[in-house]
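Asks: Take a look at this one; I'll ask things after.
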Amino acid sequence: MSVRILALVGSLRAGSHNRQLAEAAVKLAPEGAEVVLYEGLADVPFYNEDIDVEGSVPASAVALREAAGTADALLFFSPEYNGTIPAVLKNAIDWLSRPYGAGALSEKPVAVVGTAFGQFGGVWAQDETRKAVGIAGAKVLEDVKLSIPGSVVRFAETHPADDAEVAAQLTEVIGLIHGQTTAAAA
């Protein structure tokens, strides 16, 4: 079974190490798995229930929901901003959690990985992301984790796809998502 994994990146910066990590995931996806990097999170307005009504939902939010809805699983790439989840990821989770009980995240397998400058690689933000997507109804793959510390130094001159250790770990993560997604579908 081919598995389509939607990648959402919590940093909007063009040179983001988490974006580079997501690009590496696209490149390294093993046979039977396709990782699709979602573009457009910057265009999604902050969640507001007043505009989340039929006929008023912004096109960017509709596109995000459709992309997540057609994916078999999601892979969040989270940096750590002030010890927690970046607003852009939290906003995406808020849009994807609605309508309550039937949002695009409902029962969808989700894994969270990332890299950050600090010595723990963004663990706090990744834990907060797991918590938020779980509350939003996703099936959090708790045993699928990857936190890469020291991103500014580690990836100063090397793209994550060219770092053998990171490439192997990321390939393993995608393989685990693929395996757990196909097992759940069987």
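Asks: Residue-wise, which Karplus ³J(HN,Hα) couplings in Hz belong to region 76-81, taking 6.51 cos²θ - 1.76 cosθ + 1.60, θ = phi - 60°, and x for glycine or proline?
Replies: 8, 10, 10, x, 10, 10
Asks: Convert each backbone phi in region 35-49 into a coupling constant with the Karplus relation 6.51 cos²θ - 1.76 cosθ + 1.60 (shift: θ = phi - 60°), then list the ³J(HN,Hα) values in order as whole Hz, x for Gly and Pro.
Replies: 9, 10, 7, 6, 10, x, 4, 5, 8, 7, x, 4, 4, 8, 4
Asks: Kindly provide the trypsin sites (Lys or Arg not before Pro) of region 6-85 that DSSP labels as loop, not H, G, I, E or B, and whose Cβ sees at most 10 other Cβ atoms within 10 Å.
Replies: In loop regions of region 6-85 (DSSP not H, G, I, E or B), the sparsely surrounded trypsin sites (Lys or Arg not before Pro) are Arg13.
Asks: Further question on the same structure: Which residue fluctuates most in the GNM of the chain (Cα springs below 10 Å): Ala168, Ala92, Ala132?
Replies: Result for the chain, Cα springs under 10 Å: Ala168 fluctuates most.
Asks: Now for a separate question. Show the residues, 5+ positions off or on another chain, whose built amide H is closer than 5 Å to the amide H of Arg98.
Replies: Those qualifying (amide H under 5 Å, at least 5 residues apart or on another chain) are Ala104.
Asks: Given H placed on each backbone N at 1.01 Å, which residues far from Val140 in sequence or on other chains put an amide H within less than 5 Å of it?
Replies: Correct list: Val110.
Asks: With a cap of 11 neighbouring Cβ atoms within 10 Å, and only residues DSSP puts in a loop, list the chymotrypsin sites (Phe, Trp or Tyr not before Pro) found in region 72-108. Mind showing how you got there, number by number?
Replies: Working: sites: Phe76, Phe77, Tyr81, Trp95, Tyr100; in loops: Tyr100.
Those that pass, being in a loop and sparsely packed, are Tyr100.
Asks: Something else about it: What does the helix-only formula give at 222 nm for the chain: each DSSP H stretch with n ≥ 4 adding -39500 (n - 2.57), the total divided by the residues, and the result rounded to the nearest 500 deg cm²/dmol?
Replies: Values: 6 runs with 73 residues, N = 186.
Helix contribution divided over all residues of the chain: -12000 deg cm²/dmol.
Asks: Using amide H atoms built in the peptide plane, which far-off residues or other-chain residues are under 5 Å from Leu146 H to H?
Replies: Correct list: Gly114.
Asks: A further question follows. Extending each Cα 7 Å along its Cβ direction at Ser56 and Asp43, get the distance between those two points in nm, one decimal.
Replies: The modelled label-to-label distance comes out at 2.2 nm.
Asks: Also, I was wondering about something else. Sorted by packing (mean other beta-carbon atoms within 10 Å per residue), highest first, where do 116-128, 143-155 land? Don't jump to the answer; show the numbers that get you there.
Replies: Details: 116-128: 20.0, 143-155: 17.3.
Highest to lowest by the protection proxy: 116-128, 143-155.
Asks: Still on this structure, I have one more. Give the relative contact order (percent, whole number) for region 15-84; include only Cα pairs under 8 Å separated by 6+ residues.
Replies: On the way: 30 pairs, mean separation 22.7, N = 70.
Result for region 15-84 is 32 percent.
Asks: Sticking with this one: Kindly give Rg over Rh for region 3-185, based on alpha-carbon atoms, with the Kirkwood expression for the hydrodynamic radius. Working shown, then result.
Replies: Numbers: Rg = 15.4 Å, Rh = 16.2 Å.
With Rh from the inverse mean 1/r over Cα pairs, Rg/Rh is 0.95.
Asks: Checking understanding here: applying a Kyte-Doolittle mean of at least -0.5 and a length along the axis of at least 20 Å (C-alpha), which whole DSSP H helices in the chain pass?
Replies: Numbers: long enough: 164-185 (31 Å, 0.71).
TM-like helix candidates: 164-185.
Read the figures in this text as sums done on the coordinates, not as results from a lab. Note that the structure is predicted; figures quoted are calculated from it, not measured. Heads up, the Cβs are rebuilt from the backbone with ideal geometry, glycines too, and the neighbour counts pull from every protein chain shown.
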